[in-house]
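J.: To start, I am sharing the structure in question, which I have written as C-alpha coordinates.
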Amino acid sequence: MPARPSSPAPAPAPTPVSVLGLGMMGSALASAFLRAGHPVTVWNRSPAKTGPLVAQGALPAATPADAVAASPLVVLCLLTNDNVDEVLDGLDGGAVAGKTLVNLTNGTPEQARALSARATALGARYVDGGIMAVPQMIASPAAYVLYSGDEEAYETHRSTLAVLGGTRWTGTDPGLAALYDLGLLTGMYGMFTGVVQALALVRTENIGAEEYAELLVPWMTAMLGGVPEIARAVDSGSHLTDVSSLAVSQAAFPNFLSTFRAQGVSTELFEPFQALLDRAVEEGYAGDGASRMVELLIKR
Ligand code: FVH
(Lines give C-alpha, C1' and ligand atoms only; values in the text may rest on other atoms or scores of the structure.)
Protein backbone atom coordinates (compact mmCIF):
# COMPACT_ATOMS: atom_id res chain seq x y z
CA MET A 1 0.00 0.00 0.00
CA PRO A 2 1.47 3.40 -0.93
CA ALA A 3 2.40 5.48 2.07
CA ARG A 4 0.05 8.34 2.70
CA PRO A 5 1.39 11.58 4.07
CA SER A 6 0.27 11.81 7.69
CA SER A 7 -1.63 14.91 8.65
CA PRO A 8 0.05 17.08 11.27
CA ALA A 9 -0.95 16.34 14.88
CA PRO A 10 -3.68 18.72 16.02
CA ALA A 11 -2.43 21.55 18.22
CA PRO A 12 -3.24 20.80 21.87
CA ALA A 13 -5.97 22.88 23.46
CA PRO A 14 -4.45 25.58 25.64
CA THR A 15 -3.91 24.10 29.12
CA PRO A 16 -2.85 26.29 32.02
CA VAL A 17 0.56 25.13 33.23
CA SER A 18 2.47 26.23 36.32
CA VAL A 19 6.24 25.88 36.28
CA LEU A 20 8.05 25.88 39.63
CA GLY A 21 11.80 26.39 39.33
CA LEU A 22 13.19 28.81 36.78
CA GLY A 23 16.80 27.78 36.55
CA MET A 24 18.26 27.23 33.10
CA MET A 25 16.06 24.21 32.46
CA GLY A 26 12.83 25.41 34.14
CA SER A 27 13.03 28.69 32.20
CA ALA A 28 13.42 26.77 28.92
CA LEU A 29 10.39 24.62 29.80
CA ALA A 30 8.21 27.61 30.72
CA SER A 31 9.25 29.44 27.58
CA ALA A 32 8.34 26.43 25.41
CA PHE A 33 4.86 26.20 26.98
CA LEU A 34 4.36 29.92 26.37
CA ARG A 35 5.45 29.72 22.73
CA ALA A 36 2.98 26.86 22.21
CA GLY A 37 0.17 29.09 23.46
CA HIS A 38 -0.42 27.66 26.94
CA PRO A 39 -1.22 30.07 29.79
CA VAL A 40 1.81 29.78 32.08
CA THR A 41 2.23 30.73 35.74
CA VAL A 42 5.77 30.75 37.09
CA TRP A 43 7.36 30.64 40.53
CA ASN A 44 11.00 30.69 41.52
CA ARG A 45 12.68 30.88 44.93
CA SER A 46 14.62 33.95 43.74
CA PRO A 47 11.83 36.10 42.27
CA ALA A 48 14.14 37.96 39.85
CA LYS A 49 14.24 34.93 37.55
CA THR A 50 10.54 35.31 36.76
CA GLY A 51 11.26 38.60 34.90
CA PRO A 52 12.18 37.23 31.44
CA LEU A 53 9.24 34.80 31.51
CA VAL A 54 6.79 37.51 32.56
CA ALA A 55 8.10 39.57 29.63
CA GLN A 56 7.13 36.62 27.39
CA GLY A 57 3.60 36.55 28.84
CA ALA A 58 3.82 34.37 31.96
CA LEU A 59 2.02 35.27 35.18
CA PRO A 60 4.29 35.49 38.25
CA ALA A 61 3.21 33.66 41.41
CA ALA A 62 4.34 35.02 44.77
CA THR A 63 4.39 31.62 46.46
CA PRO A 64 4.49 27.94 45.46
CA ALA A 65 0.91 27.66 46.75
CA ASP A 66 -0.25 30.44 44.39
CA ALA A 67 1.53 28.73 41.48
CA VAL A 68 -0.02 25.34 42.26
CA ALA A 69 -3.48 26.89 42.61
CA ALA A 70 -3.24 28.50 39.16
CA SER A 71 -3.13 25.37 36.96
CA PRO A 72 -4.26 21.75 36.78
CA LEU A 73 -0.80 20.83 35.44
CA VAL A 74 2.15 21.68 37.68
CA VAL A 75 5.69 21.12 36.38
CA LEU A 76 8.54 21.13 38.90
CA CYS A 77 12.16 21.54 37.81
CA LEU A 78 14.33 22.26 40.84
CA LEU A 79 17.94 21.39 41.53
CA THR A 80 17.23 18.31 43.67
CA ASN A 81 14.30 16.29 44.94
CA ASP A 82 15.11 17.50 48.46
CA ASN A 83 14.14 20.94 47.12
CA VAL A 84 10.89 19.46 45.78
CA ASP A 85 10.17 17.99 49.21
CA GLU A 86 10.83 21.39 50.79
CA VAL A 87 8.39 23.05 48.40
CA LEU A 88 5.74 20.44 49.23
CA ASP A 89 6.48 20.95 52.96
CA GLY A 90 5.51 24.58 52.55
CA LEU A 91 2.10 23.86 50.98
CA ASP A 92 -1.16 23.52 52.91
CA GLY A 93 -2.52 19.98 53.03
CA GLY A 94 -5.20 20.50 50.38
CA ALA A 95 -3.21 22.72 48.00
CA VAL A 96 -2.19 20.00 45.56
CA ALA A 97 -5.37 17.88 45.75
CA GLY A 98 -6.70 17.26 42.24
CA LYS A 99 -3.54 18.57 40.56
CA THR A 100 -1.16 16.66 38.32
CA LEU A 101 2.43 17.11 39.47
CA VAL A 102 5.03 16.42 36.78
CA ASN A 103 8.43 16.40 38.45
CA LEU A 104 11.29 16.84 35.97
CA THR A 105 13.95 17.31 38.65
CA ASN A 106 16.89 14.91 38.40
CA GLY A 107 16.66 12.28 41.15
CA THR A 108 16.76 8.64 42.14
CA PRO A 109 14.08 5.98 41.59
CA GLU A 110 13.59 5.78 45.38
CA GLN A 111 13.01 9.53 45.60
CA ALA A 112 10.50 9.37 42.76
CA ARG A 113 8.57 6.55 44.47
CA ALA A 114 8.55 8.45 47.77
CA LEU A 115 7.36 11.66 46.10
CA SER A 116 4.68 9.73 44.24
CA ALA A 117 3.43 8.22 47.53
CA ARG A 118 3.48 11.64 49.16
CA ALA A 119 1.63 13.36 46.29
CA THR A 120 -0.93 10.56 46.08
CA ALA A 121 -1.59 10.80 49.82
CA LEU A 122 -2.29 14.52 49.30
CA GLY A 123 -4.82 13.72 46.56
CA ALA A 124 -2.60 14.69 43.63
CA ARG A 125 -1.58 12.63 40.60
CA TYR A 126 2.19 12.20 40.19
CA VAL A 127 4.27 11.75 37.07
CA ASP A 128 8.06 11.64 37.30
CA GLY A 129 10.25 12.57 34.37
CA GLY A 130 13.79 12.64 33.08
CA ILE A 131 14.74 15.27 30.54
CA MET A 132 17.05 14.00 27.81
CA ALA A 133 18.15 17.39 26.56
CA VAL A 134 20.07 20.49 27.54
CA PRO A 135 18.01 23.69 27.87
CA GLN A 136 18.89 24.88 24.36
CA MET A 137 17.42 21.66 22.89
CA ILE A 138 13.99 22.01 24.55
CA ALA A 139 11.15 22.05 21.99
CA SER A 140 13.50 20.85 19.24
CA PRO A 141 13.15 17.47 17.52
CA ALA A 142 16.31 16.25 19.29
CA ALA A 143 14.81 16.63 22.79
CA TYR A 144 12.74 14.03 24.58
CA VAL A 145 11.47 13.38 28.08
CA LEU A 146 11.07 10.04 29.86
CA TYR A 147 7.92 9.70 31.98
CA SER A 148 6.62 7.19 34.55
CA GLY A 149 3.97 7.05 37.26
CA ASP A 150 0.27 7.86 36.95
CA GLU A 151 -0.50 6.81 33.37
CA GLU A 152 -3.95 8.38 33.23
CA ALA A 153 -2.54 11.75 34.32
CA TYR A 154 0.26 11.38 31.77
CA GLU A 155 -2.20 10.62 28.96
CA THR A 156 -4.41 13.55 29.99
CA HIS A 157 -1.50 15.99 29.66
CA ARG A 158 0.63 14.24 27.07
CA SER A 159 -0.13 16.61 24.22
CA THR A 160 0.74 19.61 26.40
CA LEU A 161 3.96 17.98 27.61
CA ALA A 162 4.84 17.14 24.00
CA VAL A 163 5.71 20.77 23.31
CA LEU A 164 8.93 20.17 25.31
CA GLY A 165 10.09 17.41 22.97
CA GLY A 166 9.32 13.76 22.33
CA THR A 167 7.45 11.86 25.05
CA ARG A 168 8.61 8.41 26.13
CA TRP A 169 6.50 6.43 28.61
CA THR A 170 8.52 3.98 30.73
CA GLY A 171 5.87 2.48 33.03
CA THR A 172 3.59 2.91 36.02
CA ASP A 173 6.38 2.37 38.57
CA PRO A 174 7.17 6.05 39.30
CA GLY A 175 10.86 5.20 39.70
CA LEU A 176 11.32 3.96 36.14
CA ALA A 177 11.83 7.32 34.40
CA ALA A 178 14.64 8.13 36.87
CA LEU A 179 16.20 4.70 36.30
CA TYR A 180 16.14 5.10 32.50
CA ASP A 181 17.42 8.68 32.87
CA LEU A 182 20.31 7.72 35.15
CA GLY A 183 21.20 4.83 32.84
CA LEU A 184 21.42 7.12 29.82
CA LEU A 185 23.39 9.69 31.79
CA THR A 186 25.71 6.91 33.00
CA GLY A 187 26.50 6.17 29.35
CA MET A 188 27.12 9.87 28.76
CA TYR A 189 29.39 10.32 31.78
CA GLY A 190 31.29 7.13 30.88
CA MET A 191 31.85 8.56 27.43
CA PHE A 192 33.00 11.91 28.84
CA THR A 193 35.34 10.04 31.21
CA GLY A 194 37.13 8.66 28.17
CA VAL A 195 37.09 12.00 26.40
CA VAL A 196 38.68 13.98 29.24
CA GLN A 197 41.30 11.27 29.86
CA ALA A 198 42.24 11.11 26.16
CA LEU A 199 42.49 14.89 25.87
CA ALA A 200 44.57 15.10 29.08
CA LEU A 201 46.93 12.49 27.65
CA VAL A 202 47.52 14.21 24.31
CA ARG A 203 47.74 17.66 25.93
CA THR A 204 50.88 16.48 27.73
CA GLU A 205 52.57 16.49 24.31
CA ASN A 206 50.99 19.82 23.27
CA ILE A 207 48.70 18.18 20.73
CA GLY A 208 45.74 20.50 20.16
CA ALA A 209 42.50 19.21 21.68
CA GLU A 210 40.43 20.41 18.72
CA GLU A 211 42.79 18.73 16.28
CA TYR A 212 42.65 15.49 18.29
CA ALA A 213 38.84 15.65 18.54
CA GLU A 214 38.79 15.21 14.75
CA LEU A 215 40.17 11.70 15.36
CA LEU A 216 38.36 11.02 18.61
CA VAL A 217 34.79 11.67 17.48
CA PRO A 218 34.72 9.29 14.48
CA TRP A 219 36.57 6.64 16.51
CA MET A 220 34.09 6.80 19.36
CA THR A 221 31.18 6.88 16.92
CA ALA A 222 32.47 3.73 15.22
CA MET A 223 32.89 1.98 18.59
CA LEU A 224 29.33 2.90 19.61
CA GLY A 225 28.22 0.81 16.65
CA GLY A 226 29.21 -2.25 18.71
CA VAL A 227 26.72 -1.49 21.51
CA PRO A 228 23.81 -3.48 19.99
CA GLU A 229 26.04 -6.56 19.81
CA ILE A 230 27.05 -6.19 23.46
CA ALA A 231 23.40 -5.73 24.38
CA ARG A 232 22.44 -8.89 22.45
CA ALA A 233 25.08 -10.85 24.35
CA VAL A 234 23.82 -9.47 27.68
CA ASP A 235 20.24 -10.49 26.87
CA SER A 236 21.24 -13.95 25.61
CA GLY A 237 23.82 -14.63 28.35
CA SER A 238 26.23 -15.84 25.66
CA HIS A 239 29.39 -13.78 26.26
CA LEU A 240 32.06 -15.57 24.17
CA THR A 241 33.42 -13.11 21.64
CA ASP A 242 35.28 -13.19 18.34
CA VAL A 243 35.86 -9.42 18.47
CA SER A 244 38.07 -8.61 21.45
CA SER A 245 38.38 -10.77 24.57
CA LEU A 246 38.73 -9.60 28.14
CA ALA A 247 42.15 -11.33 28.19
CA VAL A 248 43.34 -9.08 25.36
CA SER A 249 42.02 -5.98 27.13
CA GLN A 250 43.58 -7.06 30.43
CA ALA A 251 46.97 -7.54 28.76
CA ALA A 252 46.80 -4.12 27.09
CA PHE A 253 45.45 -2.11 29.99
CA PRO A 254 48.71 -1.77 31.96
CA ASN A 255 50.05 0.12 28.93
CA PHE A 256 47.38 2.76 29.46
CA LEU A 257 48.07 3.12 33.19
CA SER A 258 51.85 3.22 32.82
CA THR A 259 51.63 5.77 30.00
CA PHE A 260 49.29 7.98 32.05
CA ARG A 261 51.83 7.85 34.90
CA ALA A 262 54.79 8.48 32.60
CA GLN A 263 53.04 11.46 31.03
CA GLY A 264 52.00 12.89 34.39
CA VAL A 265 48.28 12.18 33.96
CA SER A 266 46.18 10.93 36.85
CA THR A 267 45.11 7.27 36.72
CA GLU A 268 42.20 7.74 39.14
CA LEU A 269 39.50 7.35 36.51
CA PHE A 270 40.93 4.22 34.91
CA GLU A 271 42.35 2.12 37.76
CA PRO A 272 38.91 0.72 38.63
CA PHE A 273 38.54 -0.56 35.07
CA GLN A 274 41.86 -2.42 35.35
CA ALA A 275 40.65 -3.96 38.62
CA LEU A 276 37.45 -5.18 36.96
CA LEU A 277 39.37 -6.67 34.02
CA ASP A 278 41.68 -8.46 36.49
CA ARG A 279 38.70 -9.87 38.39
CA ALA A 280 37.03 -11.02 35.17
CA VAL A 281 40.09 -12.98 34.12
CA GLU A 282 40.67 -14.36 37.65
CA GLU A 283 37.10 -15.61 37.73
CA GLY A 284 37.59 -17.51 34.45
CA TYR A 285 36.10 -15.17 31.85
CA ALA A 286 39.25 -14.48 29.79
CA GLY A 287 37.61 -15.56 26.54
CA ASP A 288 34.47 -13.50 27.00
CA GLY A 289 33.75 -10.06 25.59
CA ALA A 290 32.82 -6.80 27.31
CA SER A 291 29.24 -8.01 27.86
CA ARG A 292 30.47 -10.31 30.67
CA MET A 293 31.40 -7.22 32.70
CA VAL A 294 27.72 -6.30 32.92
CA GLU A 295 27.12 -9.44 34.98
CA LEU A 296 30.25 -8.89 37.06
CA LEU A 297 29.08 -5.40 37.99
CA ILE A 298 25.67 -6.49 39.30
CA LYS A 299 25.94 -7.11 43.04
CA ARG A 300 22.49 -8.43 43.97
N1 FVH B 1 20.71 21.98 32.64
C2 FVH B 1 20.81 20.79 32.06
O3 FVH B 1 21.41 20.63 31.01
C4 FVH B 1 20.19 19.53 32.68
C5 FVH B 1 19.52 18.68 31.62
C6 FVH B 1 18.81 17.48 32.18
C7 FVH B 1 17.93 17.85 33.37
N8 FVH B 1 18.68 18.60 34.34
C9 FVH B 1 18.05 18.72 35.65
O10 FVH B 1 17.07 19.78 35.70
C11 FVH B 1 17.02 20.29 37.02
C12 FVH B 1 17.21 21.82 37.00
O13 FVH B 1 18.42 22.09 36.35
P14 FVH B 1 18.81 23.56 35.92
O15 FVH B 1 19.79 23.46 34.80
O16 FVH B 1 17.60 24.38 35.69
O17 FVH B 1 19.57 24.05 37.25
P18 FVH B 1 19.79 25.55 37.80
O19 FVH B 1 19.92 26.50 36.68
O20 FVH B 1 20.90 25.46 38.78
O21 FVH B 1 18.43 25.87 38.58
C22 FVH B 1 18.10 25.25 39.80
C23 FVH B 1 16.71 25.65 40.22
O24 FVH B 1 16.41 25.03 41.49
C25 FVH B 1 16.04 26.08 42.39
N26 FVH B 1 16.36 25.72 43.75
C27 FVH B 1 17.56 25.32 44.24
N28 FVH B 1 17.47 25.08 45.55
C29 FVH B 1 16.19 25.35 45.91
C30 FVH B 1 15.45 25.28 47.12
N31 FVH B 1 16.05 24.89 48.27
N32 FVH B 1 14.15 25.62 47.12
C33 FVH B 1 13.54 26.02 45.97
N34 FVH B 1 14.17 26.11 44.77
C35 FVH B 1 15.47 25.77 44.75
C36 FVH B 1 16.80 27.30 41.91
O37 FVH B 1 16.21 28.44 42.47
P38 FVH B 1 17.10 29.80 42.62
O39 FVH B 1 18.49 29.39 43.01
O40 FVH B 1 17.07 30.45 41.26
O41 FVH B 1 16.40 30.58 43.65
C42 FVH B 1 16.58 27.18 40.41
O43 FVH B 1 15.30 27.57 40.04
C44 FVH B 1 18.13 19.60 37.83
O45 FVH B 1 17.56 18.56 38.58
C46 FVH B 1 19.04 19.07 36.74
O47 FVH B 1 19.80 17.94 37.14
C48 FVH B 1 19.21 19.86 33.80
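The values are calculated or read from the model by the stated rules, or taken from the named source; none is laboratory data. Just so we're clear, the structure is a prediction, and the values are computed from it rather than from any experiment. Note that we place each Cβ from the backbone using ideal geometry, even for glycine, and neighbour counts take in every protein chain shown.
J.: For the stretch 99-117, does any single residue satisfy the condition of being away from the ligand (no atom under 16 Å from the Cβ), within 23 Å of the chain's Cα centre (by Cα) and in contact (Cβ under 8 Å) with a residue 60 or more places away in the chain?
T.: yes
J.: Determine whether the stretch 177-188 contains at least one residue that is at pLDDT 95 or above, touching a strand residue (DSSP E or B) at 6+ places or on another chain (Cβ under 8 Å) and not aliphatic (A, V, I, L, M).
T.: Yes: one or more hits.
J.: Those residues that are free of Cβ contacts under 8 Å to residues at least 40 places away in the same chain and among the hydrophobic types (A, V, I, L, M, F, W, C), I need them from the stretch 71-98; list them, please.
T.: Selection gives VAL84, LEU88, LEU91, ALA95, VAL96, ALA97.
J.: Could I ask something else about it? Just one of (1) away from the ligand (no atom under 13 Å from the Cβ); (2) at pLDDT 95 or above trips up LYS49, so point out which.
T.: It fails just one condition, (1).
J.: Condition first: more than 11 Å from the ligand (Cβ to nearest atom), within 15 Å of LEU161 (Cβ to Cβ) and in the same structural domain as LEU122 (by TED's automatic domain parsing). Can you find one or more residues in the stretch 76-96 that meet it?
T.: Scanning the stretch 76-96 turns up no residue that is more than 11 Å from the ligand (Cβ to nearest atom), within 15 Å of LEU161 (Cβ to Cβ) and in the same structural domain as LEU122 (by TED's automatic domain parsing).
J.: Kindly indicate whether THR63 is modelled with pLDDT of 95 or more, away from the ligand (no atom under 14 Å from the Cβ) and of a type in the set (S, T, N, Q).
T.: no
J.: Counting only residues that are within 20 Å of ALA198 (Cβ to Cβ) and of a type outside the set (Lys, Arg), how many does the stretch 255-295 have?
T.: 22
J.: Confirm whether ALA177 is touching a Lys or Arg at 6+ places or on another chain (Cβ under 9 Å), surrounded by 19 or more Cβ atoms within 10 Å (Cβ to Cβ) and closer than 18 Å to VAL75 by Cα.
T.: yes
J.: Got a sec? Which of PHE256, PHE192, PHE273 is of a type in the set (Phe, Trp, Tyr) and exposed (fewer than 15 other Cβ atoms within 10 Å of the Cβ)?
T.: Every option except PHE192 fails the conditions.
J.: Is at least one residue of the stretch 207-215 free of Cβ contacts under 8 Å to residues at least 12 places away in the same chain, loosely packed, with under 14 Cβ neighbours inside 10 Å and not in a helix (DSSP H, G or I)?
T.: Checked against the condition, which is being free of Cβ contacts under 8 Å to residues at least 12 places away in the same chain, loosely packed, with under 14 Cβ neighbours inside 10 Å and not in a helix (DSSP H, G or I), the stretch 207-215 yields at least one hit.
J.: Where residues in the stretch 118-137 are within 9 Å of the ligand (Cβ to nearest atom) and surrounded by fewer than 21 Cβ atoms within 10 Å (Cβ to Cβ), which of them is farthest from the chain's Cα centre (by Cα)?
T.: GLN136
J.: Does the stretch 23-36 contain at least one residue that is away from the ligand (no atom under 16 Å from the Cβ), under 26 Å from the mean Cα position of the chain (by Cα) and in contact (Cβ under 8 Å) with a residue 60 or more places away in the chain?
T.: The answer is yes; a qualifying residue exists.
J.: Does ALA142 satisfy the condition of being under 14 Å from the mean Cα position of the chain (by Cα) and outside the structural domain of ARG261 (by TED's automatic domain parsing)?
T.: yes
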